[in-house]
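Q: Sending over a structure as structure tokens; questions will come in a sec.
The values are calculated or read from the model by the stated rules, or taken from the named source; none is laboratory data. Just so you know, these numbers come straight off a predicted model, no measurement behind them. Heads up, the Cβs are rebuilt from the backbone with ideal geometry, glycines too, and the neighbour counts pull from every protein chain shown. The protein model used for the area step is the full one, side chains on, heavy atoms only, and it has no ligands, DNA or RNA in it. Shrake-Rupley method; radii C 1.70, N 1.55, O 1.52, S 1.80 Å.
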Amino acid sequence: MRQKKMVQFCSVLLSALSLVKVEAAEQNDKSISNVDEDWAIHGQFTNVTQKHASFRSPYSGQNSLDAKGRVEETTDITIYAGVRLWRNAEFWLNPEIDQGFGLSNTVGLAGFSSGEAYKVGANSAYLRLPRAFLRQTFALNGETENIEPAANQLGGKRVSNNVVVTVGKFSVVDLFDTNTYAHDPRTDFLNWSVIDAGAFDYAADAWGFTYGAAVEWNQNAWTARAGVFQLSPVPNAKVAGLHFKQYSLVGELESRFQLGEHPGKLKLLGFINRAPMGNYADAVQASITNGGVPDIAQVRRKGTRAGASLNFEQEVAKEIGIFARASFNDGDKEAYEFTEINKSISSGIAIKGANWGRSEDTFGLATVFNGLSSQAKRYFALGGIGILIGDGNQRYGAEKILETYYSAKIVTGVTLTLNFQHVTNPAYNKDRGPVSIYAARVHAEF
């Protein structure tokens, strides 16, 4: 009954906001004339239903994926409301309604199966504000380019070489580690370690957002980005207040190039987290000295955790693109915000459906290899618990993921996606799995 009411509510809200957008388009018909939009409202609706089959499991622990098989769903509706404050300055608010849970309350996989599932869940719909930010663009030189109206982007014109400053509440991966073919769980792949670099332990609250500031310098064929963001008070907690007692520094260099007539990008990213965090070896030693299971929370002290990633994308034909990411981080210390991955390699392909008469459909295929450091292996083998994993025991094996999806256009602005994932050694445990995960996603934009 709750789900039915949620769907009815979302349908009414979408209809009402569609009327608002029509009015905005009529009053603000400037994208066609290439005049800057003064304001805009966009929206989206996404429902993801996931099920995994039962799998072999001689034992389980606090953070284990339920071996009996589960069905869970998440639903969210987002409004993107933006206004131009002054020349080249935009302010955006993204109120959102959420409902639902990830499989097993979003634990049991290091590369979790749905980017639409958060580390918190609720049976009843609730309202939150994931983004509230100001973006200021400073023109430098170069050609004037058209900017298409989109969510969190006012239509108009801008100079190609510029400096962009973003301040407020948003997601680190709105700006960093983006990839054309694998980055948006609402439209392409779902798995956390496919849509983002698996070892990129970026600052985020339980929903994936935080406070911060970033600067982007765009110059011809390259971009340099840097940002500072607020970390949670302790790992995997909610970001509270506005302060930088614990923080994350992120930098990224992006190179854009052409192979023949086909565009490509290569990005090198580095990050440093500074906060109270536990050392795996200290937790293990404390358990040996005092007895019991190692507890990382008992050995936290101010420390630094660093990591890096390489992100590649390349169009190889008009309708075909390939991508790959490789990342690693300091394996001595616990994961702080994202997930327990110390090294990760992912790659894949996305193919548009023009060749079979479905130009707005997409087929995607990706593979992932996730691994732990030697210190983390020992901690979890002795029964340690982390953010997402912890079976009470562990016979280590690299977590290997295969993901494929087909996204089909139903009507304008609405797509239906079928998704399949196969995970070998879930949560790095050879004693459990493999597990097959099936998903259906409905996504609408207006």
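Q: Taking all pairs of different Cα atoms in region 379-432, averaging 1/r and flipping that mean, what Kirkwood radius in angstroms comes out?
A: With all distinct Cα pairs of region 379-432 included, I get 13.4 Å.
Q: Another question, then. Using Cα centres only, tell me the gap between region 391-415 and region 86-107 in whole Å.
A: 21
Q: Nothing charged except the Cβ atoms of Lys and Arg (+1) and of Asp and Glu (-1): what's the magnitude of the dipole of the chain about its Cα centre? Round to the nearest 20 debye.
A: The calculated dipole for the chain is roughly 1100 debye.
Q: Taking the Kirkwood radius as the inverse of the mean 1/r across Cα pairs, report the Rg/Rh of region 352-415.
A: Details: Rg = 19.6 Å, Rh = 15.1 Å.
Result: Rg/Rh = 1.30.
Q: Another one. How high is the relative contact order of region 50-144, in percent, with contacts defined as C-alpha pairs under 8 Å that are six or more residues apart? Don't jump to the answer; show the numbers that get you there.
A: Values: 163 pairs, mean separation 26.1, N = 95.
In percent, rounded to a whole number, it is 27.
Q: Measuring from the lowest to the highest alpha carbon on each principal axis, how far does region 97-188 reach, largest first, in angstroms?
A: Principal extents (largest minus smallest coordinate, Cα): 52, 27, 20 Å.
Q: Also: Expressed as a rounded percentage, what relative contact order does region 341-446 have, with Cα pairs under 8 Å and six or more residues apart?
A: On the way: 235 pairs, mean separation 22.4, N = 106.
Once normalised by length, the contact order is 21 percent.
Q: Further question on the same structure: Ignoring ligands, DNA and RNA, what percent of the accessible area of region 208-366 is carbon or sulfur (1.4 Å)? Mind dumping the intermediate values first?
A: Working: 4390 of 7220 Å².
Of all accessible area on region 208-366, carbon and sulfur atoms account for 61 percent.
Q: Sort Lys68, Lys265, Lys352 from largest to smallest accessible area, using a 1.4 Å probe on the heavy atoms of the protein chains. It would help to have the intermediate numbers written out before the result.
A: Details: Lys68 175, Lys265 60, Lys352 80 Å².
Sorted by accessible area, descending: Lys68, Lys352, Lys265.
Q: Quick one: accessible surface of Thr362, probe radius 1.4 Å, all protein chains present, in square angstrom to the nearest 10.
A: 20
Q: Okay, next question. ³J(HN,Hα) across region 317-324 via Karplus (A = 6.51, B = -1.76, C = 1.60, θ = phi - 60°), whole Hz, x for Gly/Pro?
A: Running phi through 6.51 cos²θ - 1.76 cosθ + 1.60 with θ = phi - 60° gives 8, 4, 10, 10, x, 10, 8, 7 Hz.
Q: Assigning unit charges at the beta carbon (Lys, Arg +1; Asp, Glu -1) and nothing else, what dipole magnitude in debye, to the nearest 20, does region 310-363 show about its Cα centre? Mind showing how you got there, number by number?
A: Details: 6 positive and 10 negative charges, 60 e Å.
Rounded to the nearest 20 debye, it is 300 debye.
Q: Placing +1 on the Cβ of each Lys and Arg and -1 on the Cβ of each Asp and Glu in the chain, which of Val164, Ala81, Ala439 has its Cα farthest towards the positive end of the resulting dipole?
A: The Cα lying farthest towards the positive end belongs to Ala439.
Q: Then there's this: Near the amide H of Ser232, under 5 Å away, which other amide H atoms are found, from residues 5 or more places off or on another chain, if H is placed in the peptide plane?
A: Answer set, sorted by chain and number: Ala204.
Q: Under the rule of at least 5 residues apart or a separate chain, name every residue whose amide H is placed under 5 Å from the amide H of Tyr118.
A: Gly102
Q: Could you list, in their original order, any pairs among Lys267/Lys302; Lys245/Lys302; Lys352/Lys409 whose Cα atoms are separated by more than 22 Å? It would help to have the intermediate numbers written out before the result.
A: Values: Lys267/Lys302 30 Å; Lys245/Lys302 11 Å; Lys352/Lys409 11 Å.
In this structure, Lys267/Lys302 exceed 22 Å between Cα atoms.
Q: Please determine, in degrees from 0 to 90 and to the nearest 10, the orientation of helix 2-27 with respect to the longest principal axis defined by the Cα atoms of the chain, where the helix direction is its Cα long axis.
A: Here the helix axis deviates by roughly 30 degrees.
Q: Once ligands and nucleic acids are excluded and a 1.4 Å probe is used, how much of Tyr118 is accessible, expressed in Å² to the nearest 10?
A: Approximately 30 Å² for this residue.
Q: In square angstrom, what is the accessible area per residue of the chain with a 1.4 angstrom probe? Let's see the in-between values first.
A: Working: 18920 Å² over 446 residues.
Per residue, the chain has 42 Å² of solvent-accessible surface.
Q: Using θ = phi - 60° and the Karplus form 6.51 cos²θ - 1.76 cosθ + 1.60, what ³J(HN,Hα) does each residue of region 437-445 get, whole Hz, x for Gly and Pro?
A: 10, 10, 8, 10, 10, 10, 9, 10, 10
Q: Return the calculated 222 nm mean residue ellipticity for the chain, to the nearest 500 deg cm²/dmol, obtained by summing -39500 (n - 2.57) across DSSP H runs with n ≥ 4 and dividing by the residue count.
A: Details: 4 runs with 49 residues, N = 446.
Here the helix-only value at 222 nm equals -3500 deg cm²/dmol.
Q: Return the tail of the calculated pair distribution for the chain, meaning the percent of Cα-Cα pairs more than 29 Å apart. Intermediate values should be presented prior to the final figure.
A: Values: 48095 of 99235 pairs.
Every Cα pair in the chain considered, those over 29 Å come to 48 percent.
Q: By the scheme Lys and Arg +1, Asp and Glu -1, what is the net charge of all other residues having a beta-carbon under 10 Å from that of Asn146?
A: Numbers: positive: Lys157, Arg158; negative: Glu145, Glu148.
Combined, the nearby Lys, Arg, Asp and Glu give 0.
Q: Once both axes come from the Cα atoms, what is the angle between helix 280-290 and the longest principal axis of the chain, in degrees from 0 to 90, rounded to 10?
A: Taking the Cα atoms of the chain, the angle to 280-290 is about 30 degrees.
Q: Over region 226-367, what is the relative contact order in whole percent, taking alpha-carbon pairs under 8 Å and six or more residues apart?
A: Numbers: 306 pairs, mean separation 26.1, N = 142.
Across region 226-367, relative contact order equals 18 percent.
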